[in-house]
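The values are calculated or read from the model by the stated rules, or taken from the named source; none is laboratory data. All figures in this text were calculated on a predicted structure; none of them were measured in a lab. FYI the Cβ positions are ideal-geometry reconstructions off the backbone, even for glycines, and counts take in every protein chain you see. SASA here: full protein model, heavy atoms, side chains in, ligands and nucleic acids out. Shrake-Rupley method; radii C 1.70, N 1.55, O 1.52, S 1.80 Å.
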Amino acid sequence: YVNLTNGMDSGAITGSSYSFTLSNNTYSYSVSTSNKLYHPSSYTGSVTVSGTTPVSITFVPTTYTVTFTESGLPYGTPWYVNITGMASSGPITHDSYNASLQNGTYTYTISTSDKDYAPNAYAGSVTVTAAPTSASPVTFTIQTFAVTFTETGLPAGTTWYVTLNGSTLS
């Protein structure tokens with residue numbers, strides 16, 4: 001649809017062009033579409049008519065903000081969001097990241113460059129339905145591992161100790 005400030009409007013346009021017959025002057029216009037998957041790159045504009053005057057209108061896919069939020073990492077520790085079919089987020093050094101996505105369902109992976117930490121979920125999916133949304137929050141926790149000390153050479157039943165970071169354990 002194209003609407004001019006002088007009251008003229010195109011009605012629904014189904015082709016790739018539409019023409020108005022106008023006298024030489026400057027006109028403001030607005031553009032819209034009923035297809036909510038797209039929007040004009042500029043909703044309004046003006047045109048100065050001086051003979052035949054073409055005006056190009058570009059429609060672009062409509063996107064919505066998807067917010068990814070993390071907790072648990074030390075301040076400034078890089079983390080990453082990789083959405084299937086899109087470029088990597090690159091290192092994120094704060095607790096949230098916003099991606100602009102079209103309607104649809106997207107899978108993603110989460111990671112960090114600090115291998116001492118692991119996310120509660122390495123992968124997930126998010127569905128965009130004509131509105132901003134948030135992915136499931138990601139919680140990073142420090143990884144811990146079992147360490148087993150096994151002695152050999154002492155007679156059976158002999159007590160022995162391990163001192164770890166100043167704490168003695170039996």
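Below are the figures for this structure:
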{"item": "Computed over region 1-125: relative contact order in percent, which uses C-alpha pairs under 8 Å that are six or more apart", "result": "17"}
{"item": "³J(HN,Hα), Karplus 6.51/-1.76/1.60, whole Hz, each residue of region 132-141, x for Gly, Pro", "result": "x, 8, 10, 7, 4, x, 10, 10, 8, 10"}
{"item": "Heavy-atom accessible surface of region 72-169: percent carbon and sulfur, 1.4 Å", "result": "54"}
{"item": "Estimated dipole of the chain in Debye, rounded to 20 [Cβ of Lys and Arg +1, of Asp and Glu -1, Cα centre]", "result": "400"}
{"item": "Considering only the chain, percent of DSSP beta bridges that pair antiparallel, nearest 5", "result": "90"}
{"item": "Cα convex hull volume per residue for region 33-128 (Å³)", "result": "137"}
{"item": "Residue-level accessible surface for Trp160, protein heavy atoms, 1.4 Å, Å²", "result": "90"}
{"item": "Value of Rg to Rh for the chain (Rh from inverse mean 1/r over Cα pairs, i.e. Kirkwood)", "result": "1.38"}
{"item": "FRET E, pair Thr69, Val147, Förster distance 30 Å, beta-carbon r, rounded to 0.05", "result": "0.35"}
{"item": "Heavy atoms of Glu70 accessible to a 1.4 Å probe, total area in Å² rounded to 10", "result": "20"}
{"item": "FRET efficiency for His39 and Ser136, using Cβ-Cβ distance with R0 set to 30 Å, rounded to 0.05", "result": "0.60"}
{"item": "Cα-projected label distance for Val55 with Ser167, points at 7 Å along beta-carbon direction, nm", "result": "7.3"}
{"item": "Contour excess over end-to-end distance, with Cα ends at Asn103 and Thr127 and 0.36 nm allotted per residue", "result": "7.9 nm"}
{"item": "Part-to-part distance (alpha-carbon centres) for region 1-79 and region 102-142, which is given in Å", "result": "32"}
{"item": "Cα-projected label distance for Ser113 with Ser19, points at 7 Å along beta-carbon direction, nm", "result": "5.9"}
{"item": "Gaussian network model of the chain, springs between alpha carbon atoms under 10 Å - residue of Thr139, Thr129, Thr26 with greatest fluctuation", "result": "Thr26"}
